[in-house]
Each structure stands twice: as structure tokens, then as C-alpha cells.
Amino acid sequence: MELIVALGLIVFKVAFLIAILLLLPLPLTWLERKIAGHIQQRMGPMRVGWHGLLQPVADGIKLLTKEDHIPAEADRFLFKLAPILALAPPFVVFVAIPFGETVSVLGAEITLYVSNMNVALLFVFAVIGIEVYGVIFGGWAANSKYAVLGSLRTCAQMISYEIPMGFAVIGVVMLAQSMSLLEIVRAQADVWNIVYQPVGFFVFFVAGLAEAQRIPFDLAEAEGDLGAGFHTEYSGIRFAFFMVSEYAIMLLVSVLVVILFFGGWNGVLLPLPPILWFVLKVAFFVYVFIWFRFTFPRYRYDQLMAIGWKVLLPLSMANIIITGVLLGATAAP
Amino acid sequence: MSHAGDKVGTWIGWAFFADLANALALTFGYMFSRSVTMQYPDKEKWLPYARYRGHHFLKRDDEGEIKCVACELCAKICPCDCIEVIPYEDEKGNRHPAKFEIDTARCLFCGLCEDACPADAIALGQQYEFSSFSSRDLVIGRDDLLGKPGKATTGGAVVAARLNTEHDVLVETSELQGYNWWRNIRRT
């Protein structure tokens, strides 16, 4: 009986998480278009629903009913596999992400995470690394030069930026003495990691922008020079898969930034409920992502590589060494 | 000295992404600026300036008689040959058009007919919404031309409007007090 309740709870949590992740791109696309519009002195979508609120629903219906086109020369198996490979990892990663400690519902304490892994951080990086296969397969299988060029760029970019991203996190792990995201947040109860790890945050955030393939690092789908990069040949619901995956990764990077550097659900000054603090911080970083997109131009490819290897990697290395020295110096006596 | 100081300042600025921060501040400011979008045809409509050359109209004189004397100068000067005038003589001996047709599908709205007219009878007015599903409907006859709206008087403004799907005319203005659209654009 105990086991069934526990299993049911996990199934419920996972279903809830999937529902949220699948539905969240709807308000996010609306928000992105609205913010884009207002930054460019336009209004954005206005005609479907109040201030265009139902526009993403209309777009979703349009994508669902469009022809699912597969190019004649495409590798059909890989072409169909790629969107799933792109979509699944961001969803899997959220299993390891805690959204809070516990809430009591009807007298029972329910934890706000699906699983508390002791190597959650490693799990996150390992699984998110799989996402690049979706992009590479998608570009390769379409048998189109734009798509191949886009996926080649993505491949190099993702691999280059995963290294500084992983190194940037090591400082946080050293401070918390744990790789469990729950422990990392608990370690920040008094002082957030951003105070101790500003360089780590900078490296992680820039690398996260590149991982999420957002401007200024959206070379994979640079509309101007590549059509749409790896998903040039995709249409209909398969294209929607890539879009959802993109938004899920953007959300994931925001969540990771908040958990690792901005104290997770620990609040300051205002005694808001922890989950609200968490949502507010994540929303802020999602806004920053969108804000960046409509402010900065795209980096050139060699600049992208130079930033990854010549700036971020040495910075993250130096960050580890300095953090280690300072930790050793304070813990010596 | 000051030059070197500038250089150091530039480097410090680069190290702390002063230019990126400036860009972010600029776009953030623009996010709260007034939008320049004109919500046509849902809410607003642009009234053109008085010199705008829209749909043609024929004028009447003080007695209500059509001003046109059917001299056919407009038909002669028309560069795309889209005006057809057939005159007749009424009982008082005055020349008037029995038929006055403009093919607006071919018209290029140059306004030469307005300039050529010796009787000040034809002019290009403010109306610009006359799309049609058939090019035949775009041939406008004498009586229709007499009823078309004249030159704009409150030109250069946005007026409240709403979509009217019951009539052929898409937009029906409900008030003439417009605000000056250009003045409201934020300049920084």
C-alpha cells in the first residue's frame, strides 16, 4: 500500500511536470512576441483574444494541421527520430530539478521534486548532452545544405560551450560540498552563490545562452545566412517539437542559474512563499533571455569559438583555482 | 594624457561590458515607450492629408448641376486612357456628360485630370478603400463619382474606426477628432 501511494505520487508528479513543460511554450511564445513588439515600438499580436493571448493556441492548431513534409532524399528514420531526440532530454532533466522543499497537502508532506539524486548536477549535464544528437541528426537526415551547415555549427558550439559550463559549476559544487541540487540550494540559505561566484555565474550564463542557442549565440539557426539551420526542412508538428525543446532548454538554463547561483527558493527581504520566490527568479531570467534576443546582434562564427575557448574556458579554470585556494585558506585552521 | 586616459576608460568599459549594458538599457527603455502601430482596421484609421490623391469625385455647382462640361480634356490628358466621356446638350444649351466612366483598375492616380479640368469639376479625394473582387466593379460611372467623398479636411490624423463587415466599405469612422499620430512617436 505504501509502495502504491509512493508510486502514484511519482506518476502524478511526472505527469504534472510534463503537462507544465508542454504547455509553458504557449505563454512563452506570446511573451516573446509581445516583448519583441514593444522593444521595437510595435504591439505584437493583438487580434486573437485579449491582446493576442490566444495567438499561441492558434499557432499550435496551425502547426498540428499543417502538412508533415519529409524531403524525398531524406533519411526517413533519422528524420523522424531527431525531433524526439531533441525533445526528450530537456524533459528528462527536469526529473532531477527540485522546485522547493516540501508542501503539506491534506496533512501529508509532499516533496517538490521527483527525485533527489546525490549526483543531480552530473545527471543534468549528462542528459542535456544528448540533446545535441537531435540537432545533428535533424540536420544530417534532411539532406539539405542549410540544415547540414546549421547542425555542424551547432555540434561545434554545443561541445565547445559544454566544457566551460561544466567547469563553471565546479566552483558551486566546491562551496556546497555536494552535487545534489537540493544540497546546493540548502547551502545558499544565508548567502547566495552569486556573491562568492560572480565569475562562475558569468561563465555559466554565457555558456547557457550558447547551449540554449539563443541570440547572441544562435548560429545554429541563423535565419539570415542559413534559412533556419537544422530545422529548415521540418514542418508541422515535428517543427513544433524543436520549438518546444528550445523553450524547455531556455527554461532549464534559467532554472539552473537560479538554483546554482541565485539561492533557488531562498528569499530575501520579502516573506513570500518559497515556490513563488523560485518562480519569480526563473521568470526574471526567462525575461532576460528574451530581452537579450532583441538587443544583441549575432556573433560571427570565429568570434563564437574565440569566446568559448579563449575567454570562458580560462575564466572558468581560474575560477576553480581561486575558489579552491580561498576555500583552503579559510578552512585551514 | 587625456587620450591615454580615454583609452584606459575604453578598456575598462569593455571589460565590464559597458556597451552591452548601454544597449540593454536602451531596449528596456523602448519597451515602455508608446507603440507606433496603427490598429487599422480594428480601432483606428488614417485620414490622409488634404493633398492626398485617392478616389476621384465629380463636383456640383451651387445650383446642384454637375460642373463637368464634358470637354474631354481629362480623357485626353489621362496617361493610361482610363476616362471615357460622352457629352450631351441639355435643354438650356449647356454641355454635360451623358456618360463619365473612370476605370480605377487602370488609373494610376497621377491627378493630371484634376489639373487639366477647366471647370474644376473632377478631383481626387480622400477615399482609399475601394478594393473589389471583380475588376468590372472598379469601373465607376458618373452618378457614383458624384457621391464620392471629397478632399480631406482633418488630414494627417488617426481617427477612431471599427471594422464594418455588413457594407462594402471596410471602415466606418465614428468621430472626426483625431490625435496627431506623428507627434506621439517617442524620439530619443
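With R₀ set to 51 Å, the beta-carbon distance separating B:L26 from B:L163 gives a calculated FRET efficiency near 0.90.
Between B:E65 and B:S134, the FRET efficiency estimated from the beta carbon spacing at R0 = 41 angstrom works out to 0.80.
For the pair B:K92 and B:L108, label points projected 7 Å from Cα toward Cβ lie 3.8 nm apart. For the protein assembly as shown, the residue among A:A156, B:A50, A:T29 whose Cα projects farthest onto the positive side of the dipole built from Cβ charges is A:A156.
Calculated FRET efficiency, B:I12 to B:D143, Cβ-Cβ distance, R0 = 60 Å: about 0.20 to the nearest 0.05. A simple spin-label model places the labels of A:K66 and A:I159 3.1 nm from each other, with each point 7 Å out along Cα-to-Cβ. Charge dipole of region B:55-143 (Cα centre as origin; +1 on each Lys and Arg Cβ, -1 on each Asp and Glu Cβ, all else neutral): 220 debye, rounded to the nearest 20.
Between A:F284 and A:D75, full extension at 0.36 nm per residue minus the direct alpha carbon distance yields a gain of 71.2 nm. Using only Cα coordinates, the Kirkwood hydrodynamic radius of region B:17-115 works out to 18.2 Å.
Using per-residue counts of other Cβ atoms within 10 Å, averaged over each peptide, order A:14-26, A:225-237 from highest down.
Values: A:14-26: 14.2, A:225-237: 20.8.
Descending mean neighbour count gives A:225-237, A:14-26.
Please go through region B:1-71 and write out the GluC sites (Glu not before Pro) that DSSP classes as loop and that have at most 16 other C-beta atoms within 10 Å. All intermediate terms of the calculation are to be shown ahead of the outcome.
Values: sites: B:E44, B:E63, B:E65; in loops: B:E63, B:E65.
Passing both the DSSP loop test and the Cβ count: B:E63, B:E65.
The Cα center of region A:271-315 and the Cα center of region A:1-62 differ in position by 21 Å. In plain terms, the C-alpha convex hull of the protein assembly as shown casts an average shadow of 39.5 nm² when viewed from every direction.
Along region B:37-47 the Karplus relation, 6.51 cos²θ - 1.76 cosθ + 1.60 evaluated at θ = phi - 60°, assigns HN-Hα couplings of 5, 9, 7, 8, x, 5, 10, 10, 8, 8, 8 Hz to successive residues, with x for each Gly and Pro.
Listed by Cβ neighbour count within 10 Å, with the fewest neighbours leading, A:T154, B:T104 appear as B:T104, A:T154.
Within 10 Å of each Cβ in A:38-44, how many Cβ atoms from other chains are there, averaged over the peptide? Let's see the in-between values first.
Working: counts 7, 8, 6, 9, 3, 5, 2.
Mean partner shielding for this stretch: 6.
Sorting A:M317, A:M46 by the number of Cβ atoms found within 10 Å of their own Cβ, with the fewest placed first, yields A:M317, A:M46.
Note down the magnitude of the dipole of the protein assembly as shown about its Cα centre, charges +1 on Lys and Arg C-beta and -1 on Asp and Glu C-beta and zero elsewhere, to the nearest 20 debye.
Here the size comes out at about 1180 debye.
In terms of the Cα gyration tensor, with a ≥ b ≥ c the square roots of its eigenvalues, is region A:184-333 rounded because a/c is under 1.5, prolate because a/b exceeds b/c, or oblate? Taking the square roots of the gyration eigenvalues as a ≥ b ≥ c, region A:184-333 is oblate. Largest GNM mean-square fluctuation among A:I61, A:I97, A:I84, using chain A with Cα springs under 10 Å: A:I61.
Students often check this: by mean Cβ neighbours within 10 Å, which of A:244-250, A:5-11 ranks highest, and how do the rest follow?
In descending order of packing, they fall as A:244-250, A:5-11.
Among A:Y146, A:Y299, B:Y40, rank each residue by its count of other Cβ atoms within 10 Å, from fewest to most, as a rough exposure measure.
Values: A:Y146 20, A:Y299 17, B:Y40 14.
Fewest-to-most ranking of A:Y146, A:Y299, B:Y40: B:Y40, A:Y299, A:Y146.
Average partner chain C-beta neighbours within 10 Å, per residue of B:30-37?
On the way: counts 6, 10, 2, 3, 2, 8, 4, 7.
Across B:30-37, the average partner-chain Cβ count within 10 Å equals 5.
Roughly how far apart, in whole Å, are the Cα centres of region B:27-54 and region A:219-270? One Cα centre to the other: 34 Å. Comparing A:K13, A:K80, A:K66 in a Gaussian network model of chain A (Cα springs below 10 Å), the most mobile by mean-square fluctuation is A:K66.
Where nothing but the Cβ of Lys and Arg (+1) and of Asp and Glu (-1) is charged, how large is the charge dipole of region A:66-331 around its Cα centre, in debye to the nearest 20? Mind dumping the intermediate values first?
Working: 13 positive and 18 negative charges, 56 e Å.
In debye, rounded to 20, region A:66-331 gives about 260.
Counting only Cα atoms, the size of region B:1-75 along its three principal axes is 83, 34, 22 Å, in decreasing order.
None of the figures in this text is laboratory data; all of them are computed from the coordinates on show. Treat the numbers as computed from the prediction; the structure is a model and nothing was measured. Cβ coordinates were reconstructed from backbone atoms using ideal geometry, including for glycine residues, and neighbour counts include every protein chain displayed.
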